[in-house]
Amino acid sequence: MTTPTQKRREPIISARGIVNRFGKQQVHNKVSLDVFPGEILGIVGGSGSGKSVLLKTLTGLHRPDAGEVLLNGKAIDAVDDAQRAALIGVLFQQGALFSSLSVAQNIILPMREHTDLAVEDQEKIAAIKLELAGLPPDAAIKFPSELSGGMVKRVAFARALALDPRILFLDEPTSDLDPLTASGIDALIQQLNDSLDITVVIVTHDLNTLFTVCHRVAVLVDGKIIVDTLDNLMRCKQPWIREFLHGPRAQGALSARSRKHGNR
Amino acid sequence: MQRSSSEPPLSRVAISGEGDRLAFEGVLDIRTVSELKNALKGRLKQAKPRAVDLGSLSGLDTPGALFLRELRHKGVELTGIRAEHEALLELIGNLKAKPLEKPAAVPRWRELIIRLGKGADAALRDTIDLITFVGRAVSAIGYAVIHPRYLRPASISRQIAETGISALPIVGLMAVMISVVIGYQGVAQLRPYGGEDFTINLVAVSVLREMGVLITAIMVAGRSGAAFTAEIGVMKAREEIDAFTVMGMKPIEMLVVPRLLGLVITLPLLTFFSDVMGLLGGAMISQWLLNISPMQYVDRVHVAVHTNDLLVGLIKAPIFGFLIAIVGCMHGLRVKGSAESVGQDTTRAVVKAIFVVIVLDALFSVLFEKLGL
């Protein structure tokens with residue numbers, strides 16, 4: 001798999017020496033990570049290895065105990081809210097759709113707050129975002145409580161895309177989904193990356209996503225991070241990585257890499 | 001780079017060219033698309049453009065591409081499209097872009113009638129539910145009393161601690177405050193007639209008969225009634241209630257009976273405490289406003305108050321406690337999957353519990369008057 005990294009060496013988002021502690025437990029010990037424009041980076045690690053905390057740190061939701069996050073070379077705290085919203089889109093694990101708003105209102109909300117687009121333009125844009133996310137137009141009037149798990153994820157995708165962000169953070173985009181829907185989401189991620197040139201950072205447990213979609217993979221082990229292409233990581237001697245990438249589930253996913261289908 | 005993302009607010013777009021051949025320059029994105037649209041409107045009055053050159057367009061995003069797609073549909077030819085924009089234009093161009101479906105509009109007057117109907121229907125169902133639930137709860141209590149094994153004293157005592165002991169400070173404070181309020185009003189109203197000493201009668205009787213139990217019940221409805229709904233509601237949302245059922249345990253017996261009995265025991269005790277604190281507040285008021293010493297105050301209260309006054313207050317307490325717990329638990333079990341639903345039912349439970357308490361208190365007032373108590 002070719003990485004677009006070779007073309008553009010200026011990171012769009014980079015973490016420098018991140019340290020995160022909770023009580024006595026040190027989750028991140030001087031973790032540094034560069035994400036380059038146009039790439040799809042997967043973040044993996046065992047339960048409690050600090051994947052979600054890293055994602056929160058990268059999006060500026062969590063202030064690390066030490067180190068800094070640079071968004072386009074600028075400290076993320078110094079970037080103002082509207083600008084950050086235009087650069088970063090986040091898909092939360094449970095979707096985090098506003099339950100009092102309909103699907104259409106959920107997608108229009110960031111546009112209404114941050115742009116001076118006319119209402120009918122906002123609606124048109126929301127309509128194409130819905131379509132891009134693979135939802136039928138009649139989903140617009142539904143409320144989050146009326147949606148299935150896969151639809152919630154797709155609406156959350158559409159909302160994350162509302163302001164055409166340059167970077168999309170996805171927290172477990174395929175968890176709780178059946179394999180068919182999950183591979184639909186994988187295809188969506190790839191399509192967005194291809195045609196909209198969106199940089200994607202995915203926190204995932206899903207080996208299929210990892211094998212079929214990601215250009216590079218960051219592994220969190222023992223508070224440290226190891227970032228490389230999957231092919232190089234396959235040869236890595238680190239015990240957790242070996243087990244993770246050569247376990248029975250990984251073998252199945254690996255064979256699915258060519259077929260892009262199936263689970264286990 | 002598709003877009004000069006380092007400084008998004010500075011992105012600009014401009015129209016150049018003459019007559020029906022125009023060119024767009026700069027960044028056409030979500031921030032600039034409205035500006036371009038307005039600028040183009042001015043141009044349209046002069047001449048309808050035939051072709052637009054996009055060679056100098058340095059950035060494009062989906063709203064921009066959508067706008068170009070619309071131009072194209074109006075018969076404008078797009079020329080000089082940069083290679084990096086082609087994929088995006090093609091993607092957007094191939095979408096169906098159906099307009100968003102909108103909820104069917106209902107006329108105001110019909111909406112009003114629909115709401116009225118729904119409200120009436122909900123009220124009817126609520127009443128039936130409440131009666132059914134009272135029946136189920138009472139039968140569960142009866143069963144537990146006959147089979148003491150299912151009475152769960154540990155659970156009941158925990159409920160008493162949570163709803164009673166930890167409510168003592170706030171209930172006591174409220175009782176003192178209420179008698180201060182009644183005392184001040186009484187002195188102000190009775191002074192012109194020279195009867196300000198009767199303020200003591202007013203405070204003592206109204207605290208014992210009404211205020212003590214009412215304030216306590218309202219406080220407990222807000223505190224424990226809400227807690228019951230939220231606790232049971234979260235358990236319901238997390239399928240814990242289903243887990244009980246599947247394992248052959250009755251949720252009503254496990255969750256509702258201890259809370260009901262707990263509150264039925266607790267509320268009279270809290271009310272008694274609140275009565276004492278209310279009389280204490282009365283003593284403070286007499287000292288401040290009437291210069292009546294606490295010893296004299298005790299004598300006056302002794303004359304003004306009958307045992308009946310205390311009992312009339314206390315007899316209502318277990319009934320209020322029962323209803324608060326019933327409403328709280330019923331709404332807890334009514335919660336549907338979502339967190340939102342927990343919040344909704346908690347609000348409803350508190351409102352309904354306080355409503356029921358006050359309505360019932362008014363009925364009791366009339367009843368005791370007729371009975372001459």
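The values are calculated or read from the model by the stated rules, or taken from the named source; none is laboratory data. These numbers were taken from a predicted model, which means no experiment stands behind them. FYI the Cβ positions are ideal-geometry reconstructions off the backbone, even for glycines, and counts take in every protein chain you see.
Select from the range A:47-56 the residues that are more than 15 Å from the chain's Cα centre (by Cα) and surrounded by fewer than 20 Cβ atoms within 10 Å (Cβ to Cβ) and write down the one among them that is nearest to residue A:27 (Cα to Cα).
A:48
Of B:41, B:102, which residue is free of Cβ contacts under 8 Å to residues at least 40 places away in the same chain, within 13 Å of chain A (Cβ to nearest Cβ), exposed (fewer than 13 other Cβ atoms within 10 Å of the Cβ) and not in a helix (DSSP H, G or I)?
Among B:41, B:102, only B:102 is free of Cβ contacts under 8 Å to residues at least 40 places away in the same chain, within 13 Å of chain A (Cβ to nearest Cβ), exposed (fewer than 13 other Cβ atoms within 10 Å of the Cβ) and not in a helix (DSSP H, G or I).
Right, residue B:47: away from chain A (no Cβ under 14 Å), over 24 Å from residue A:197 (Cα atoms) and at pLDDT 80 or above or not?
In short, no.
Right, residue A:227: among the hydrophobic types (A, V, I, L, M, F, W, C), modelled with pLDDT of 85 or more, surrounded by fewer than 23 Cβ atoms within 10 Å (Cβ to Cβ) and more than 18 Å from residue A:36 (Cβ to Cβ) or not?
No; evaluated as a whole, the condition is false for this residue.
In the range B:212-257, which residue that is of a type in the set (Asp, Glu) and assigned to a helix (DSSP H, G or I) is modelled with the highest pLDDT?
B:231
From the list B:59, B:26, B:17, pick out the single residue that is at pLDDT below 80, assigned to a strand (DSSP E or B) and not aliphatic (A, V, I, L, M).
B:17
For the structure I just gave you, tell me whether residue B:107 is farther than 28 Å from residue B:227 by Cβ and within 14 Å of chain A (Cβ to nearest Cβ).
Judged against the criteria, residue B:107 is not a match.
If the Cβ limit is 9 Å and pairs must be 6+ apart or interchain, which residue in the range A:131-157 that is within 9 Å of chain B (Cβ to nearest Cβ) pairs with which residue that is surrounded by 22 or more Cβ atoms within 10 Å (Cβ to Cβ) and among the charged types (D, E, K, R)?
Filtered contacts from the range A:131-157: A:139/A:154.
Is it true that residue B:231 is more than 20 Å from residue B:350 (Cα to Cα) and either buried (at least 24 other Cβ atoms within 10 Å of the Cβ) or within 26 Å of the chain's Cα centre (by Cα) (or both)?
Considered against the rule, which asks whether it is more than 20 Å from residue B:350 (Cα to Cα) and either buried (at least 24 other Cβ atoms within 10 Å of the Cβ) or within 26 Å of the chain's Cα centre (by Cα) (or both), residue B:231 comes out as no.
Looking at B:124, B:71, B:89, B:112 in this structure, which one is touching a strand residue (DSSP E or B) at 6+ places or on another chain (Cβ under 7 Å), part of a helix (DSSP H, G or I) and hydrophobic (A, V, I, L, M, F, W, C)?
It is B:71.
Which members of the range A:198-252 meet the condition of being among the hydroxyl-bearing types (Ser, Thr, Tyr), touching an Asp or Glu at 6+ places or on another chain (Cβ under 9 Å) and not in a loop (DSSP other than H, G, I, E, B)?
A:199, A:209, A:212
Mind checking which residues of the range B:50-80 are within 14 Å of chain A (Cβ to nearest Cβ) and either under 44 Å from the mean Cα position of the chain (by Cα) or aliphatic (A, V, I, L, M) (or both)?
The answer is B:60, B:61, B:62, B:63, B:64, B:65, B:66, B:67, B:68, B:71.
Checking residue B:97 against (1) within 14 Å of chain A (Cβ to nearest Cβ); (2) of a type in the set (A, V, I, L, M, F, W, C); (3) in a helix (DSSP H, G or I): exactly one of these is not met. Which one?
Of the numbered conditions (1) within 14 Å of chain A (Cβ to nearest Cβ); (2) of a type in the set (A, V, I, L, M, F, W, C); (3) in a helix (DSSP H, G or I), the odd one out for residue B:97 is (3).
Go through the range A:190-213 and count every residue that is in contact with a strand residue (DSSP E or B) (Cβ under 6 Å, 6 or more places away or on another chain) and either small (Gly, Ala, Ser) or over 17 Å from residue A:252 (Cα atoms) (or both).
Residues that pass the stated criteria total 7.
Listed here are the residues, each with its yes/no results for (1) at positive phi; (2) among the charged types (D, E, K, R).
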| site | (1), (2) |
| --- | --- |
| A:27 | no, no |
| A:42 | no, no |
| A:50 | yes, no |
| A:59 | no, no |
| A:84 | no, yes |
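For residue B:84, all conditions in the list (1) assigned to a loop (DSSP other than H, G, I, E, B); (2) facing chain A (nearest Cβ under 9 Å) hold save one; what is the number of the exception?
Only one criterion in (1) assigned to a loop (DSSP other than H, G, I, E, B); (2) facing chain A (nearest Cβ under 9 Å) is unmet by residue B:84, namely (1).
Just to be sure I understand the filter: pairs with C-beta atoms under 7 Å, separated by 6 or more residues or on different chains, first member in the range A:10-22 and among the small types (Gly, Ala, Ser), second member outside any strand (DSSP E or B) and at pLDDT 85 or above. Which pairs pass?
Listed pairs, sorted by first residue: A:15/A:57; A:15/A:58.
Please state which of the following conditions residue B:209 fails to meet, knowing it meets all the rest: (1) without any contact (Cβ under 8 Å) to a residue 40 or more places away in the chain; (2) under 22 Å from residue B:277 (Cα atoms); (3) basic (Lys, Arg).
(1)
Residues in the range A:49-59: is at least one within 14 Å of chain B (Cβ to nearest Cβ) and basic (Lys, Arg)?
no
Just for the range B:161-194: of the residues that are under 29 Å from residue B:367 (Cβ atoms) and surrounded by fewer than 17 Cβ atoms within 10 Å (Cβ to Cβ), which one is farthest from the chain's Cα centre (by Cα)?
B:190
Just name the residue that is surrounded by the most Cβ atoms within 10 Å (Cβ to Cβ) out of those in the range A:86-104 that are at the interface with chain B (Cβ under 10 Å from one of its Cβ atoms) and not in a loop (DSSP other than H, G, I, E, B).
A:103
Filter the range A:189-209 down to the residues that are over 21 Å from residue A:33 (Cα atoms) and polar (S, T, N, Q), then identify the one that is nearest to the other protein chains (Cβ to nearest Cβ).
Out of the qualifying residues, it is A:195.
Is there a residue in the range A:57-66 that is assigned to a helix (DSSP H, G or I) and either of a type outside the set (Lys, Arg) or surrounded by 21 or more Cβ atoms within 10 Å (Cβ to Cβ) (or both)?
Yes, that holds for at least one residue.
I'd like to check something: does the range A:75-91 contain any residue that is modelled with pLDDT of 85 or more and closer than 30 Å to residue A:239 by Cβ?
no
Looking at the range B:156-196, which of its residues are part of a helix (DSSP H, G or I) and modelled with pLDDT under 90?
Selection gives B:196 alone.
Evaluate the following for residue B:344: is it farther than 18 Å from residue B:171 by Cβ and either within 14 Å of chain A (Cβ to nearest Cβ) or in contact with a Cys (Cβ under 8 Å, 6 or more places away or on another chain) (or both)?
For residue B:344, the condition - farther than 18 Å from residue B:171 by Cβ and either within 14 Å of chain A (Cβ to nearest Cβ) or in contact with a Cys (Cβ under 8 Å, 6 or more places away or on another chain) (or both) - is met.
Quick one: count up the residues across the range A:110-127 that are facing chain B (nearest Cβ under 7 Å) and either touching a residue at least 60 places away in the same chain (Cβ under 8 Å) or out of contact with any Ser or Thr (no Cβ under 8 Å at 6 or more places or on another chain) (or both).
4
I'd like the full set of residues that are surrounded by fewer than 15 Cβ atoms within 10 Å (Cβ to Cβ) and either free of Cβ contacts under 8 Å to residues at least 12 places away in the same chain or within 11 Å of chain A (Cβ to nearest Cβ) (or both), limited to the range B:17-34.
Listed by number, the list holds a single entry, B:18.
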